[in-house]
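Colleague: Pasting a structure here, questions to come.
Each value in this text was obtained by applying a stated rule to the coordinates, not by laboratory testing. Worth saying up front: this structure is predicted, and the values here are computed from it rather than measured. FYI the Cβ positions are ideal-geometry reconstructions off the backbone, even for glycines, and counts take in every protein chain you see.
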Amino acid sequence: MKVCIVYDSKRGSTERVARAMEMALRERGFEARAWNAGQNPDVDDCDLVVIGAPIYYERPLPGIGRFIASKNGLKGKKVAVFILCIADRFGKLGRRYTERRYLRMMTEPIKGRIIAARVFDGWILGENEGTIDEARGWIMRVVEAFEDGRGLGIEHPG
Ligand SMILES: Cc1cc2nc3c(=O)[nH]c(=O)nc-3n(C[C@H](O)[C@H](O)[C@H](O)COP(=O)(O)O)c2cc1C
């Protein structure tokens with residue numbers, strides 16, 4: 001099975017998370033590759049496409065939307081989506097907000113089948129090691145769900 005991770009990132013944290021996922025998958029023997037959305041990778045032969053972006057000024061970085069649009073909404077693909085942001089830190093309201101606004105902006109243009117969506121706690125200065133651990137764990141559970149034909153639903157930090 002081949003997993004393609006496509007991300008956008010301005011200050012590097014989303015790239016770091018995408019690379020951690022790529023490495024975790026490869027360690028377990030999966031074929032996995034991470035690309036910046038600007039490279040516009042061909043994902044036709046990918047079984048699972050993982051899409052990730054950070055939130056800036058209330059919206060995902062636009063490179064990821066351009067990528068999704070350029071692939072006809074990833075129609076016919078199984079897709080997992082993740083975002084990095086900080087709004088999730090603000091209790092129940094923050095969690096609801098990240099789902100209803102941020103994740104929705106990621107998922108709405110996708111025409112493929114979304115099997116998992118995940119909010120990660122981002123960072124501005126100083127890597128968030130907890131996020132890296134959670135990313136490694138999440139991607140393995142996503143792949144298991146894919147193999148079992150299940151969906152994982154929406155998950156938040158912690
Ligand atoms: C200028 C700026 C604006 C941001 N705007 C938001 C925002 O509107 N909502 C939010 O939850 N996080 C916001 N963040 C937090 C980022 O999403 C977080 O730092 C993320 O990890 C950055 O990803 P990157 O390093 O891949 O660019 C902002 C961060 C910066 C520096």
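Colleague: Counting pairs on different chains as well as pairs 8 or more places apart, how many Lys pairs in the range 2-155 have Cα atoms under 12 Å apart?
Modeller: 5
Colleague: On full extension of the chain, what length is gained from ASP45 through ARG59, given 0.36 nm per residue of separation minus the C-alpha to C-alpha distance?
Modeller: Result for the pair: 2.1 nm of gain on full extension.
Colleague: Taking the range 2-155 on its own, what percent of its Cα-Cα pair distances exceed 19 Å?
Modeller: Summing the P(r) tail past 19 Å for the range 2-155 gives 48 percent.
Colleague: Among the Cys residues of the chain, which have no other cysteine Cβ under 4.7 angstrom away?
Modeller: Result for the chain is CYS85, no neighbouring Cys Cβ within the cutoff.
Colleague: Still on this structure, please answer the following. If you find the alpha carbon centre of the range 1-39 and of the range 118-134, how far apart are they in angstrom?
Modeller: Result: 15 Å between the Cα centres.
Colleague: Order of TYR102, TYR97, TYR7 from fewest to most other C-beta atoms within 10 Å?
Modeller: Ordered by Cβ neighbours within 10 Å, fewest first: TYR97, TYR102, TYR7.
Colleague: Show me 70-81, 49-60 ranked by packing, highest mean number of other Cβ atoms within 10 Å first.
Modeller: 49-60, 70-81
Colleague: Moving on. Based solely on its DSSP helices, what 222 nm [θ] is calculated for the chain when runs of n ≥ 4 H residues each add -39,500 (n - 2.57) and the sum is averaged over all residues, nearest 500 deg cm²/dmol?
Modeller: -10500 deg cm²/dmol
Colleague: Determine the relative contact order of the range 2-155: mean sequence separation of Cα pairs under 8 Å and six or more apart, normalised by residue count, in whole percent.
Modeller: Relative contact order for the range 2-155 comes out at 24 percent.
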